[in-house]
1. Report, ordered by chain and residue number, the lysines lying within cross-link reach of A:LYS40, taken as a straight Cα distance under 25 Å and ignoring same-chain residues fewer than 8 apart.
2. Classify region A:316-390 from the C-alpha gyration tensor, please: rounded if a/c falls under 1.5, else prolate or oblate depending on whether a/b exceeds b/c.
3. Apply the Karplus parameterisation 6.51 cos²θ - 1.76 cosθ + 1.60, with θ equal to phi minus 60°, to every residue of region A:232-237 and state each ³J(HN,Hα) to the nearest whole Hz, in sequence, with x for glycine and proline.
4. Taking other Cβ within 10 Å of each residue's Cβ, how do A:CYS36, A:CYS382 sort, fewest first?
5. Taking square-rooted eigenvalues a ≥ b ≥ c of the alpha carbon gyration tensor, is region B:14-283 rounded, prolate or oblate, where a/c under 1.5 means rounded and, failing that, a/b exceeding b/c means prolate?
6. Along the charge dipole of the protein assembly as shown, which of B:GLY278, A:GLN430, A:ASN149 sits closest to the positive end, that is, farthest toward it, with unit charges on the beta carbon of Lys, Arg, Asp and Glu (+1, +1, -1, -1)?
7. Can you give the calculated 222 nm mean residue ellipticity of the protein assembly as shown, where each DSSP H run of n ≥ 4 adds -39,500 (n - 2.57) and the sum is split over every residue, rounded to the nearest 500 deg cm²/dmol?
8. If you put a point 7 Å past Cα along the Cβ direction, how far is that point for A:ARG385 from the same point in each other copy, in nm, smallest first?
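What follows is calculated from the coordinates using simple rules that are stated; it is not laboratory data. Since this is a predicted model, take the numbers as computed values, not measurements. Ideal geometry is used to build each Cβ from the backbone, glycine not excepted, and the neighbour counts take in all protein chains shown.
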2 protein chains.
Amino acid sequence: MAKTAVTPTRSENYADWYQNVIRAADLAECAPVRGCMIIKPWGYGIWERIQKILDAKIREMGVSNAYFPLFIPLSFLEREAEHVAGFAKECAIVTHHRLEAKDGKLIPKGPLEEPLVVRPTSEAIIGDAFSRWISSHRDLPLMVNQWANIVRWEMRTRVFLRTTEFLWQEGHTAHATKEEALGKTMEALELYRWLAETVLAMPVILGEKSPAERFPGAENTFCMEAMMQDCKALQAGTTHYLGQNFSKVFGIRFCDQDGDLKFAYTSSWGVSTRLMGGLVMTHGDDNGMRVPPIISPEQIVILAIVPSEEHRKEVLAYAHALAADLRLQSFAGESVRVLVDDRDRRGGEKNWEWIKKGVPIRVEVGPKDIEKRQAVIMRRDCDVRDKEVLSLEKLTRNISALLEDIQSNYFQQALAFRDRNMHGNIETLQEMQDFFDSKGRGFILGKWCEDPKTEALLDQTKISIRCLPLKSRDTEGACLLTGKIAKRDAIFAKAY
Amino acid sequence: MAKTAVTPTRSENYADWYQNVIRAADLAECAPVRGCMIIKPWGYGIWERIQKILDAKIREMGVSNAYFPLFIPLSFLEREAEHVAGFAKECAIVTHHRLEAKDGKLIPKGPLEEPLVVRPTSEAIIGDAFSRWISSHRDLPLMVNQWANIVRWEMRTRVFLRTTEFLWQEGHTAHATKEEALGKTMEALELYRWLAETVLAMPVILGEKSPAERFPGAENTFCMEAMMQDCKALQAGTTHYLGQNFSKVFGIRFCDQDGDLKFAYTSSWGVSTRLMGGLVMTHGDDNGMRVPPIISPEQIVILAIVPSEEHRKEVLAYAHALAADLRLQSFAGESVRVLVDDRDRRGGEKNWEWIKKGVPIRVEVGPKDIEKRQAVIMRRDCDVRDKEVLSLEKLTRNISALLEDIQSNYFQQALAFRDRNMHGNIETLQEMQDFFDSKGRGFILGKWCEDPKTEALLDQTKISIRCLPLKSRDTEGACLLTGKIAKRDAIFAKAY
């Protein structure tokens, strides 16, 4: 069996494989601060691509970027009872503003009159701002977004998936009517689906959350759920219809056309660096990361093979000329991104570095190729030993199609994997428990009677209702939890 | 005298004028969190322009973006004695990770074993990472940058200029030699000068900081100092040559070509949202903000004048067609940014809104203009009552030159103002104090003997040595503080 670049492999130990891919691809590392991560340049470059693409689409929705404070006074958080209950158990609290040395140790001094919470989300601080910014129907809709860091003091952390600090975007909107606010909630959800499937090549199921899984303070939470390669679910993005809950506690009111004072309807929605974890667990393989071309910081790396010093100048010139030609091509509306790796290291070492980082296409050029006006192409979506020789002309002409093909392959592979692991033939809670207990894996598509009390039946199982898919089958069946006749589809799975 | 949009005016009360311009231009507001600000869409749009332009140049320097944790363990901060002394008096400290309700109030619970400091700067956490990432000379230079939020618990805060939380970029580099590290320090300084002068139209003086003004832990700090319209100095950006100070305490070592283990030399450098305050105080006037075209979120706003409903469709079509034509033109390497303001509000109200926001060019179009294929142009660098009628063809053809002219005017106006307020004829400390006491304003260009002890002579005066300009006159003169013969030029001024 071929040696793999990452050990253990996925099948040997999935959790360790995940950590090791992140290390091998140089995406991120655990920081020496509890549960925090350092996002390294290759990982951050992927995140910046996601940001850039999503940011442009958020603007197209008519939403403006702004920036709100990191700190939230306790008194703000307290106002929405469910909201504070949802975040009180896991938040970082600033209590002092000065350090003093005492016996060679630094001691916090200068206690604050009112402690501050490091934002676990910004509904409270933005709700307060909205109450000042909105007075008339002419001020609506008001739609802002911020790219920010968020802190939640999670007990068990894992790089990208669940970290004390993470990065995200959070959109917050206020509207005159329920329909408009709910419409924006669904528009954001569809944007996230587009991001996941078209940009990240990650198939998702859109759905509504069950009451137990709702955002604290929301009327309704919608989500996209993706299947990882261990068949567990990843909640990859959520949008919340907040109704008038936050309007009422923060006083977001407007004078309508008839001069009546009304509470606005609000929404909020976000995706985070958790998506990076989703990328790794959707596309990574036993040789490391595989980055979908649209978000890869470099799409092509040209490895210059310099067998001896006399060839150096010629090979490098050839490599850079090829890079320049390739950059004139475009993919997904932008110039193709090409790096010439001319570092003075062994070719094999460089090749494996880029395999592990998951750059979509590696191109080797050496003295032999110069003679023949050709290059050697290695695609990350194929076996690492596969090579194809292409003439320069053909390579340049085909590069957009090649990238498109890889992007599409990643999506199709992930989709086929998910389809293989969707189970529609499990009909009772006992069957479902037996399935998972006997190392069964996957999403269970069943029916649920929607009685909120029944969710507690899953409490001891590690299984949860991931979502009630928006595309529900128009059928009736036995509720998987109670056996009662039920109409609504539900996805049951283990989740991150 | 003409009524102004902002009261008080600059001459009436400069400090209040500053706050009011920020409000009138809708740039930002004070948050209900001590010393923090909310950066509103128009202000944040300017910051995003600055980010985008600076970020591209930082990449060209070979620096990669990454992200490091918000929290710094006390034990890290402690290692560099000067560093911790410089920040201990003004930092936010996280001591708990949970809230519990008690008697209807939330109480911080779950004390941390080691309190965490919210980053006041990241030399410590990045120094620690560098020590893990660097082992060989092949790992050098290592150059990273992060865009991040920073917290310093300042006693007196003012929007943009000095806030508890602010946004910045911080570059951190490690090199094999002193020359390289110092070279990168100066390269960053030159980049900041380019940003300030070419992009922000804000003339700056580059210089070295005196010992008392150095960054805590640096061997040497360099800065750019700009003159605000009240003639006070604004330190608008700094770069630090850190020598081996941080390498030694964090163990940033590398094996050189001969196999010897050596400490690296490091640099760090940053500019922040403080620049936004500098922009207001450099370019704002008594009618509000004036945004230099290169960083203006919109460069042209087209005000559609709709005298009656029957004209609406025609005028809007004309306005949007003009906008489309203008967007085909380019300025500073990008498409011209044009907004059609078709909101259903009074023309005068919209016109003044954009005057206050400082959009470089306002264009009015109404039914009369359609007949004559023309538009009415109003430049923000001219009197607010000045209007010019241009044919559509001429407007489109000249738009880049117009924007260029405004950009250049702002710089020239600021430069002329600074030149008028540079004083080279003050020779003693007493004269300088008398000058400022009798309401004199400006920068004093004098000589300084460079004896660090003499800086204390300024302690009671509100005057400080802003910098020792890199372009020092090759002359000798009496040190302004001691009277001793001195060679080095120094800028003395009051500062923000």
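1. A:LYS52, A:LYS350, A:LYS356, A:LYS357, B:LYS52, B:LYS57, B:LYS184, B:LYS248, B:LYS262
2. On the way: a/c = 1.38, a/b = 1.06, b/c = 1.30.
The shape class here is rounded.
3. Result, rounded to whole Hz: 7, 8, 10, 6, 9, x.
4. On the way: A:CYS36 21, A:CYS382 13.
With the fewest neighbours first, A:CYS36, A:CYS382 line up as A:CYS382, A:CYS36.
5. On the way: a/c = 2.00, a/b = 1.16, b/c = 1.73.
Because a/c hits 1.5 or more and a/b fails to exceed b/c, region B:14-283 counts as oblate.
6. Highest projection toward the positive end goes to A:GLN430.
7. Values: 26 runs with 321 residues, N = 992.
Mean residue ellipticity, 222 nm, calculated: -10000 deg cm²/dmol.
8. 8.5
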